[in-house]
Amino acid sequence: YGGYGATAANGNSVEINGGTINSYVFGGFSESGTAEGNSVEISGGTINDDVRVWGGWAESNSGNANGNSVIISGGTFNGDVRVWGGLSQSGTANKNSVIISGGKFYNDFYGGKGETAADDNRVIISGGTINSYVYGGYSESGTANRNQVIISDGTINSYVYGGSSRTEAKYNKIVLLGNNANYTFTNAHVR
C-alpha cells in the first residue's frame, strides 16, 4: 500500500523497479471514503500469477476513486495479473488511467471501474501482449461515458471496449494510431 485509510487515501504512490511481487499492490486504498490521486508505477521486477494492481481503490460507502493511475513500462508478468487505474465499489471511478508499454498479460485491464459512474478514463497501450479484455471505463449500474482506449503498438488477443455499462455508454473512443504503429489484433473484437 502506498497509503491505506479508513476514510480516505489520497495522493499516495508505489514504485516498483525490481524484486518479486506475489501479492496485491495498491497505490491508495480507502475503506469507506475517497481514493484519489494515487499511482502505481512498475518499470521492472517479476509480477507473479494472481497479482492485482490498483492505482486507487475506494471500498465502500460511496467513496470515489478518481484521478488515479497505473503505469507499466517494464517487468515480467506471469499469468493472471489484473489491473485497475481506479476502482470504486459504490461510487465513481472517473479520470483514471492505465498506461502500458510492455509486458505480457492474461487478465483484464480497466482504466476505471465504478458502481455509479466510470467516465473520462483512459487506457493507453504502446507495447506488450494482452490476452484479456481491455476497458477504458466500466460501470455496472451507472454511466461509462467519454472513455478512451488508445493503441499504438502491441498485440491484443481479446475484446477492447471504449466504455461498457448496462445503463449508459456514450461518446467512448478506441483510437488506433497510424504511421509507425505496429499493433496486431488476433481473434479480437473492438467495440
Item checked: Residue that is farthest from Gly86 (Cα to Cα) [pool: residues in region 135-171 that are in a strand (DSSP E or B), aromatic (Phe, Trp, Tyr) and modelled with pLDDT of 90 or more] -> Tyr161
Notebook entry, point to check: If you go through region 58-66 one residue at a time, do you hit one that is of a type in the set (A, V, I, L, M), over 15 Å from Val123 (Cβ atoms), assigned to a loop (DSSP other than H, G, I, E, B) and over 13 Å from the mean Cα position of the chain (by Cα)?
Noted result: no
Notebook entry, point to check: Taking the condition out of contact with any Asp or Glu (no Cβ under 9 Å at 6 or more places or on another chain), touching a residue at least 12 places away in the same chain (Cβ under 8 Å) and buried (at least 24 other Cβ atoms within 10 Å of the Cβ), does Ile151 pass?
Noted result: no
Next item on the list: Can you tell me which residue among Gly91, Gly75 is under 20 Å from Ser23 (Cβ atoms) and among the small types (Gly, Ala, Ser)?
Entry: Gly75
Margin query: Go through (1) within 24 Å of Arg166 (Cα to Cα); (2) open to solvent by less than 20 Å² (accessible area, probe 1.4 Å); (3) free of Cβ contacts under 8 Å to residues at least 40 places away in the same chain; (4) not polar (S, T, N, Q) for Glu115 and report which single condition fails.
Written below: (2)
Checklist line | Members of region 85-106 that are in a loop (DSSP other than H, G, I, E, B) and either open to solvent by less than 20 Å² (accessible area, probe 1.4 Å) or of a type in the set (Gly, Ala, Ser) (or both) | finding: Ser90, Gly91, Ala93, Asn96, Ser101, Gly102, Gly103
Note to self: If I go through region 118-134 residue by residue, how many of them are in a strand (DSSP E or B) and small (Gly, Ala, Ser)?
What the structure shows: 3
Notebook entry, point to check: How many residues, within region 67-81, are open to solvent by 40 Å² or more (accessible area, probe 1.4 Å) and more than 18 Å from Ile124 (Cβ to Cβ)?
Noted result: 3
Next item on the list: Could you tell me whether region 175-191 includes any residue that is modelled with pLDDT of 90 or more and open to solvent by 50 Å² or more (accessible area, probe 1.4 Å)?
Entry: no
Notebook entry, point to check: If the Cβ limit is 6 Å and pairs must be 6+ apart or interchain, which residue in region 1-17 that is touching a residue at least 40 places away in the same chain (Cβ under 8 Å) pairs with which residue that is of a type in the set (A, V, I, L, M, F, W, C) and part of a loop (DSSP other than H, G, I, E, B)?
Noted result: Ala9/Ala35
Item checked: Counted residues, region 163-173 - those being in contact with a Phe, Trp or Tyr (Cβ under 8 Å, 6 or more places away or on another chain), closer than 17 Å to Val98 by Cα and either among the small types (Gly, Ala, Ser) or surrounded by fewer than 21 Cβ atoms within 10 Å (Cβ to Cβ) (or both) -> 2
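The values are calculated or read from the model by the stated rules, or taken from the named source; none is laboratory data. As the structure is a prediction and not an experimental result, all values here were calculated from the model. Because the Cβ atoms are built from the backbone with ideal geometry, glycine has one as well, and the counts that use them run over all protein chains shown. All accessible areas refer to the heavy atoms of the entire protein, side chains included, with ligands and DNA or RNA removed. Shrake-Rupley method; radii C 1.70, N 1.55, O 1.52, S 1.80 Å.
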